[in-house]
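Quick notes on the structure that follows.
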Amino acid sequence: MTLALDSLLFLLGISFLWYGGNTVVDGAAGIARRFHISELIIGLTLVSIGTSLPEVVVNIIASINKESDIVLGNIIGSNISNTTLILGSVGVLGSLSIPQCRLRREINFYVITLFIFLFCIFSPSTHSIPFWQGTLLMVVFFMAAYMFFIPKESDIAPTTSIKPSPLLKNILIFTGGCVLLPMGGHFLVKSSISIASTLGLSKSFISLFAVALGTSLPELATSIIAAKKGNTSLAIGNIIGSNIFNITLVLGLSSMISTISFSPILSTDALILCLSTIPFVFYLWFSSSALFSKTLSYGYLCFYCLYTIYIYVR
């Protein structure tokens, strides 16, 4: 394939993932609202799983093709993008309100998930994540799903006078998105590997930046649109939920399909992921402000730009 054709397929893959992810989100959110579930729970569950589907699809295809650096790099890069680029963009473009519950339960669970992730990365298995660790991550995923999908009484949204859209329509929208996602994932993985080989770029850079950014587009679009409409609880819930499901569901499934043997340099990126999470976690833990800090939002955008430069020049 020529570079031009690879680039076209890469853009086509991102477009399919973006549109497919958005239709999955729209359908899932519409289904959830039929049952009067709060937007925070929608963001943490159906929306976050829906926007994580591109990562699931890309990583399953990459696992089958034994492209371990694509698998792990996509997960790390996507979570860094979610925390820095998306949270920073949403915070800069509008006022990002923090839910009254301050998501303490969910944030604590995410911190535990990160510790388990670091255990998998730095365990004695010598730069590999075998089947049993994938099984452990899947157990954590089911624990998260149980916790998020069993809402507290306060998570039930009051009935409104707004007529919900038809359930069948939402199911069809959701299904259409699920059809586009595997197509986009196939185009994205194949073209990114080919582009990396042609340009002499490492697969870790392609996965950490290009593929990760491409699969994070649904989260980016959904969170910005939600924040602009004043649904900031959905936006924050989407970011936290997606990060948890990327590590547990996506990495768990990928390593169960095929043992992930990754480049040692990705261990540094795993530490950077954890480092990028600390300000967000501490802000929710200790700040009494009802709005997310603009200074922290700008800082996150700068962090993402510096990280992109770092992975390019190293």
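The values are calculated or read from the model by the stated rules, or taken from the named source; none is laboratory data. Because the structure is a prediction, the values reported are computed rather than measured. Cβ: placed from backbone, ideal geometry, glycine included. Neighbour counts: every protein chain shown.
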Exercise. When you scan the stretch 1-103 for helices (runs of 4 or more DSSP H) that lie fully inside it, which ones turn up with 1 or more residues that are among the polar types (S, T, N, Q)?
Worked result: 3-33, 48-64, 68-80, 87-93
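The rows are residues; the columns are (1) touching a strand residue (DSSP E or B) at 6+ places or on another chain (Cβ under 8 Å); (2) surrounded by 22 or more Cβ atoms within 10 Å (Cβ to Cβ); (3) among the polar types (S, T, N, Q).
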site: 69; (1), (2), (3): no, yes, no
site: 72; (1), (2), (3): yes, yes, no
site: 77; (1), (2), (3): no, yes, no
site: 81; (1), (2), (3): no, yes, yes
site: 86; (1), (2), (3): no, yes, no
site: 89; (1), (2), (3): no, no, yes
site: 92; (1), (2), (3): no, no, no
site: 97; (1), (2), (3): yes, no, yes
site: 104; (1), (2), (3): no, no, no
For this session: Check the stretch 36-51 and report whether any residue there is under 15 Å from residue 242 (Cα atoms) and without any contact (Cβ under 8 Å) to a residue 12 or more places away in the chain.
Result: no
Problem set entry | Any chance residue 160 is modelled with pLDDT of 75 or more and not aliphatic (A, V, I, L, M) | no
Exercise. Which of (1) closer than 24 Å to residue 208 by Cα; (2) surrounded by 21 or more Cβ atoms within 10 Å (Cβ to Cβ); (3) of a type in the set (A, V, I, L, M); (4) at pLDDT below 80 is the odd one out, the single condition residue 58 does not satisfy?
Worked result: (4)
Problem set entry | Lone unmet requirement of (1) of a type outside the set (Lys, Arg); (2) more than 30 Å from residue 230 (Cβ to Cβ); (3) assigned to a loop (DSSP other than H, G, I, E, B) for residue 119 | (3)
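Each row is one residue, and each column tells you yes or no for (1) touching a His at 6+ places or on another chain (Cβ under 8 Å); (2) in contact (Cβ under 8 Å) with a residue 12 or more places away in the chain; (3) farther than 20 Å from residue 69 by Cα; (4) surrounded by 20 or more Cβ atoms within 10 Å (Cβ to Cβ).
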| residue | (1), (2), (3), (4) |
| --- | --- |
| 213 | no, yes, no, no |
| 216 | no, yes, no, yes |
| 221 | no, yes, yes, no |
| 226 | no, yes, yes, yes |
| 248 | no, yes, no, yes |
| 252 | no, yes, no, yes |
| 255 | no, yes, no, yes |
| 260 | no, yes, no, yes |
